[in-house]
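Asks: For reference, the structure I am asking about is given below.
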Amino acid sequence: MTIGKTEAITSLGYSFYGSEDVGFTFYDQSGNPIDNPPTDSEIDAEVIRLRNEWTAQEYGRKRKAEYPSIEECVHAILDDDLTALQEKRQAVKTKYSKG
């Protein structure tokens with residue numbers, strides 16, 4: 001995923017028109033241009049924060065890809081095989097730890 005200024009501006013709660021190439025015009029909730037738009041440094045700081053947050057959550061995205069599917073979970077419940085299901089989930093958690 002690419003995180004740039006448009007994602008940062010949206011995250012900061014501003015409505016805008018434009019792009020990084022041509023610049024941005026910021027609007028209030030009524031659609032009127034605002035007098036005090038975010039500064040470049042505020043936007044850049046939000047880009048960095050969002051990128052850091054994305055990186056910090058990588059383990060979760062990897063876990064999700066390897067966790068048992070809903071279908072596997074249902075079968076484990078119906079077949080009374082929750083121990084094997086929990087072991088599989090724990091192996092994924094160990095492989096992609098939070099820290």
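Asks: Provide the FRET efficiency to the nearest 0.05 for the Thr2-Arg61 pair, computing r from the beta carbons and using R0 = 22 Å.
Replies: 0.90
Asks: From largest to smallest, what semi-axes in whole angstrom does the chain give when each is the square root of 5 times an eigenvalue of its alpha carbon gyration tensor?
Replies: Taking √(5λ) for each eigenvalue gives 44, 16, 9 Å, largest first.
Asks: Charges only on Cβ, +1 for Lys and Arg, -1 for Asp and Glu: so what's the dipole of the chain about the Cα centre, in debye to the nearest 20?
Replies: Charge dipole of the chain: 500 debye, to the nearest 20.
Asks: Using just the helices of the chain, give the 222 nm mean residue ellipticity in deg cm²/dmol: DSSP H runs with n ≥ 4 each add -39,500 (n - 2.57), and the total is spread over all residues, rounded to 500.
Replies: After summing the helix terms and dividing by the residues of the chain, the value is -17000 deg cm²/dmol.
Asks: Quick one: Kirkwood hydrodynamic radius for region 1-56, alpha-carbon pairs, angstrom, one decimal?
Replies: 11.7
Asks: Residue by residue through region 20-25, which ³J(HN,Hα) values in whole Hz follow from phi under the Karplus form 6.51 cos²θ - 1.76 cosθ + 1.60 (θ = phi - 60°), with glycine and proline marked x?
Replies: 5, 6, 9, x, 10, 10
Asks: Quick one: which residues, 5+ away or cross-chain, put their amide H under 5 Å from the amide H of Phe16? H built at 1.01 Å from N.
Replies: Residues meeting the amide H criterion: Tyr27.
Taken together, the values in this text are just the output of simple stated rules run on the coordinates, not laboratory data. A quick note: this is a predicted structure, and the numbers were derived from the prediction, not measured. Heads up, the Cβs are rebuilt from the backbone with ideal geometry, glycines too, and the neighbour counts pull from every protein chain shown.
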